[in-house]
Amino acid sequence: MTSKDRAILKIGDQSWDFPIYHASIGPRVVDIASLYKQTGIFTFDSGFTSTASCESRITFIDGDKGTLLYRGYAIDELAEKWDFLETCYLLLHGELPDKSQAKVFRENISKHNTLPEQLHNFYTGFDRDAHPMSMMCGVVWALSANYHNSMDISDASDRMLACMRLIAKIPTLAAMTYRHHIGEEFVSPRGDLDYASNFLYMCFSGESKEYSVNPIIARAMDKIFTLHADHEQNASTSTVRLAGSSGANPFACIAWGIACLWGAAHGGANEAALSMLEEIGTVDRIPEYIKRAKDKNDPFRLMGFGHRVYKNYDPRAKIMQQTTHEVLEELGIKDDPTLAVAMELERIALTDEYFIERKLYPNIDFYSGITLRALGFPSSMFTVLFALARTVGWSAQWKEMIEDPKQKIGRPRQLYTGETVREYVKEEER
Ligand code: ACO
């Protein structure tokens, strides 16, 4: 990181200068780390709309162009030409694997996909109708108890092992969460199946009838995982980094990421988008919902529309739309009414002045709910699948943060607008 230019801050007749760093692509940054020391003032950026919280080499987004790159590779190319585990390798190691590296990586993931026996008992503490995301937070957190004493996060091989364990075990945990939720026995992972097929098998295999994995459906599941694998410094990733910046256990950090992802403004949007599409029900009711979305006195928003970073079509939404069609066709689902509502809603919104002016385009969640429902998942599981896929992104970002020599504990400051110093008043005098 070298500084070629300086930014001048002028307040009254005093001025200070700060280094500007150039990104390999994307906006430059002004390094204001010494601002408080030099001037005694803080910057204010609630929601981090103009603040880079770290230096990273993993994922790049150009929100205006609608570009998403993992380690320099375009998301559409990765989703089409590579599989999820190769993408995981890329995110963790920085390069795509060659044949033998990919083989070893797959074998390692397969080797670590089982869970400590006592973790099975953990599920009995959850009500069947507990939200699957609440169970996921709990069981991923519980992994920290198993792998704390034997792990040294200052050791590179221990860090990589923690990441591998997380990526390997998360499908098993997600499938167990689903089975507990629907009141079915757990199904053990199979080493002879690929990552997505094994996950589908653990979810849908019945006691009497073994689930036979349809390769087209497994490929669609795999693509969905790739599309969700990382997304630079979003809320859940920043949560993982902030939690990890204190040196906390990585399994616990990922559990924090899962908790953050749960919210409807983040990962929970796919669940909310599908329920909105179902609530709209028929194409003729769309204008009523468009009207509500524009009404400033109505808190309703079109779920699956808009993005903090993308001010263009979310590149993942395009691939997701195509995957939705492939899945529905393979499963013989014709004339799906929710899909019809989604396509018409998208068409109307993309030509409506309100949405054009605000650059509100469909995001990945707009179509993912329809696809996941067709695959057989209840909407309460949608964010769990997102968390499963994002675990690699969180792990790679956590690892990068720990390995950054400039890394410090995250500690934002505030603009305090509360009471100034007050005298204590006795209870009888209040
Ligand atoms: N429907 C209607 N209007 C919207 C929508 C929407 N979905 N999203 C934003 N707007 C409007 C706002 O009302 C605001 O209008 P104004 O300028 O007239 O006040 C303007 O667009 C800008 O909105 P902000 O809230 O400032 O945009 P921000 O970047 O902070 O929000 C967010 C992004 C949270 C994703 C928002 O678009 C939203 O709530 N979308 C619906 C939820 C959703 O789909 N979330 C998934 C995000 S993707 C992910 O996590 C994978």
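The values are calculated or read from the model by the stated rules, or taken from the named source; none is laboratory data. In this text the structure is predicted, and so the values were computed from the model without any measurement. Backbone-built Cβ (ideal geometry, glycine too); neighbour counts: all protein chains shown.
When the range 295-309 is filtered for residues that are surrounded by 12 or more Cβ atoms within 10 Å (Cβ to Cβ), more than 7 Å from the ligand (Cβ to nearest atom) and more than 15 Å from the chain's Cα centre (by Cα), only 300 remains. Condition test on residue 354, is it within 15 Å of the ligand (Cβ to nearest atom), touching a strand residue (DSSP E or B) at 6+ places or on another chain (Cβ under 9 Å) and over 30 Å from residue 253 (Cα atoms)? Answer is no for this residue.
Given 290, 258, which one is aliphatic (A, V, I, L, M) and within 12 Å of the ligand (Cβ to nearest atom)?
290
Check whether at least one residue in the range 279-295 is of a type in the set (D, E, K, R) and in a loop (DSSP other than H, G, I, E, B), and report yes or no. The answer is yes; a qualifying residue exists.
Considering only the range 200-270, give the helices (runs of 4 or more DSSP H) lying wholly within it that have at least 1 residues that are more than 17 Å from the chain's Cα centre (by Cα), under 19 Å from residue 132 (Cβ atoms) and touching a residue at least 24 places away in the same chain (Cβ under 8 Å). It comes to none. Has the range 318-340 got any residue that is of a type in the set (Gly, Ala, Ser) and within 15 Å of the ligand (Cβ to nearest atom)? Checking the range 318-340: not a single residue is of a type in the set (Gly, Ala, Ser) and within 15 Å of the ligand (Cβ to nearest atom). Of all the criteria given as (1) within 11 Å of the ligand (Cβ to nearest atom); (2) modelled with pLDDT under 95; (3) not aliphatic (A, V, I, L, M), the one not satisfied by residue 278 is (1).
Could you tell me whether residue 267 is at pLDDT below 90, crowded, with 16+ Cβ neighbours inside 10 Å and within 16 Å of the ligand (Cβ to nearest atom)? Yes. Regarding the range 199-222, can at least one residue be identified that is within 12 Å of the ligand (Cβ to nearest atom) and over 15 Å from residue 365 (Cβ atoms)? Looking through the range 199-222, none of the residues is within 12 Å of the ligand (Cβ to nearest atom) and over 15 Å from residue 365 (Cβ atoms).
Would you please name the residue that is surrounded by the most Cβ atoms within 10 Å (Cβ to Cβ), looking only at residues in the range 363-385 that are within 9 Å of the ligand (Cβ to nearest atom) and outside any helix (DSSP H, G or I)? Only one residue fits best here, namely 364.
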